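*Asks:* Pasting a structure below so you can have a look.
The values are calculated or read from the model by the stated rules, or taken from the named source; none is laboratory data. All of these numbers come straight from a predicted model, not from anything done at the bench. FYI the Cβ positions are ideal-geometry reconstructions off the backbone, even for glycines, and counts take in every protein chain you see. In case anyone asks, the SASA skips ligands and DNA or RNA and just uses the protein heavy atoms, side chains included. Shrake-Rupley method; radii C 1.70, N 1.55, O 1.52, S 1.80 Å.
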Amino acid sequence: WIDLAPSRVASSTTYVEFRGRTAYGQRSTIPFHVTSSDWQESDRLLSGIITAFGSKTTPIEIGGVGTFDGVLLNALSKPRIEGTMAGRRMRAWDVEWGTGQSHVTVENAYADVADAIVRKGNAELRVEGRFSLGFPRSDGGEEISARIAADKWPLPDLRHAFDLDEYPMNGGLSGEFHLYGAYKEPFGFGRADVSSGEAYGETLASATSAIRFEGQGAR
């Protein structure tokens, strides 16, 4: 065993504190704390460290500032990371999502998210599920399997995240959805309520519909 005294690693945008023990990188229990002023740079740093320990890891597109408090378990080359993340100006899929916090477990290039709450102005998202850290996956696995509850979330954000910019629809989206499969062509179902909306140049006070996602389209 190697016992690690309280230690730290720092770059211009990332600060990490850690301690714990490892059986020469194979059996590990290493509690740690991360403070980041740029999650993209921090992800590049951590991906480089994991790659150096023998597991090639590619950074994902992510942005924002925040903290992560957790523990690294198992082999350093194939770790399981459990913890709590809090962030501001969070960015993913080329969309800024605002502020949020979540319990997260990372393993096998997946992030399992629980009790996630994301807020942007008066809008709110609650999320539970599994998200692939990068896509398409080399193992052919699902990229998303999640339940999402939205309250007045801006439709342009969701259109852009799922590559649906060509559909001229705006407004605040509320509803509950279960999505699975591929990020860009998901399957699933849900119910949507749109308030203060606009579709194809026409304004509307509200709209309600059940929705079924069918990969290349929605019914």
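*Asks:* Within segment 85-112, can you find the residues that are closer than 27 Å to Q26 by Cα and either part of a strand (DSSP E or B) or open to solvent by less than 30 Å² (accessible area, probe 1.4 Å) (or both)?
*Replies:* Answer for segment 85-112, where residues must be closer than 27 Å to Q26 by Cα and either part of a strand (DSSP E or B) or open to solvent by less than 30 Å² (accessible area, probe 1.4 Å) (or both): M85, H103, V104, T105, V106, E107, Y110, A111, D112.
*Asks:* Is it true that some residue in segment 36-55 is part of a strand (DSSP E or B) and either modelled with pLDDT of 85 or more or open to solvent by 50 Å² or more (accessible area, probe 1.4 Å) (or both)?
*Replies:* Within segment 36-55 (the criterion being part of a strand (DSSP E or B) and either modelled with pLDDT of 85 or more or open to solvent by 50 Å² or more (accessible area, probe 1.4 Å) (or both)), the answer is yes, since at least one residue qualifies.
*Asks:* Please go through segment 19-35 and pick out each residue that is touching a Leu at 6+ places or on another chain (Cβ under 9 Å) and either of a type in the set (A, V, I, L, M) or in contact (Cβ under 8 Å) with a residue 24 or more places away in the chain (or both).
*Replies:* If the condition is that a residue be touching a Leu at 6+ places or on another chain (Cβ under 9 Å) and either of a type in the set (A, V, I, L, M) or in contact (Cβ under 8 Å) with a residue 24 or more places away in the chain (or both), then G20, T22, G25, Q26, R27, S28, T29, I30, P31, F32, V34 are the ones that fit.
*Asks:* Please indicate, with yes or no, whether at least one residue in segment 113-125 is at pLDDT below 95, surrounded by fewer than 17 Cβ atoms within 10 Å (Cβ to Cβ) and not in a strand (DSSP E or B).
*Replies:* Yes, the conditions are met somewhere in segment 113-125.
*Asks:* Here's a follow-up. Pairs please, first residue from segment 1-15 and under 21 Å from Q26 (Cα atoms) and in a strand (DSSP E or B), second anywhere and open to solvent by 70 Å² or more (accessible area, probe 1.4 Å) and of a type in the set (K, R), Cβ atoms under 9 Å, 6+ apart in sequence or on different chains.
*Replies:* Qualifying pairs under 9 Å: I2/R21; D3/R19; D3/R21; L4/R19; L4/R21; A5/R19; P6/R19; S7/R19.
*Asks:* Could you list, in sequence order, the residues of segment 133-183 that are open to solvent by 60 Å² or more (accessible area, probe 1.4 Å), hydroxyl-bearing (S, T, Y) and outside any loop (DSSP other than H, G, I, E, B)?
*Replies:* Y180, the sole residue that qualifies.
*Asks:* For a quick check of your reading of the model, give me the residue pairs whose first member lies in segment 142-154 and is more than 22 Å from A182 (Cβ to Cβ), whose second is in a strand (DSSP E or B) and open to solvent by 30 Å² or more (accessible area, probe 1.4 Å), with beta-carbon atoms closer than 7 Å and at least 6 apart or on different chains.
*Replies:* D151/E124; K152/S195
*Asks:* Within segment 161-177, work out how many residues are under 23 Å from the mean Cα position of the chain (by Cα), at positive phi and at pLDDT 90 or above.
*Replies:* Counting residues in segment 161-177 that are under 23 Å from the mean Cα position of the chain (by Cα), at positive phi and at pLDDT 90 or above gives 1.
*Asks:* Take G20 and decide whether it is within 25 Å of E96 (Cα to Cα) and either assigned to a strand (DSSP E or B) or open to solvent by 70 Å² or more (accessible area, probe 1.4 Å) (or both).
*Replies:* In short, no.
*Asks:* Additional query: Which residue is surrounded by the fewest Cβ atoms within 10 Å (Cβ to Cβ), if the candidates are limited to segment 59-84 and must be under 18 Å from S37 (Cβ atoms) and not hydrophobic (A, V, I, L, M, F, W, C)?
*Replies:* E61
*Asks:* Next question, about the same structure. Out of A123, A116, A92, report the one residue that is under 17 Å from H178 (Cα atoms) and among the small types (G, A, S).
*Replies:* A116
*Asks:* If the Cβ limit is 9 Å and pairs must be 6+ apart or interchain, which residue in segment 159-185 that is closer than 21 Å to S196 by Cβ and free of Cβ contacts under 8 Å to residues at least 24 places away in the same chain pairs with which residue that is exposed (fewer than 14 other Cβ atoms within 10 Å of the Cβ) and of a type in the set (F, W, Y)?
*Replies:* So the pair list comes out as R159/Y167; Y167/Y200.
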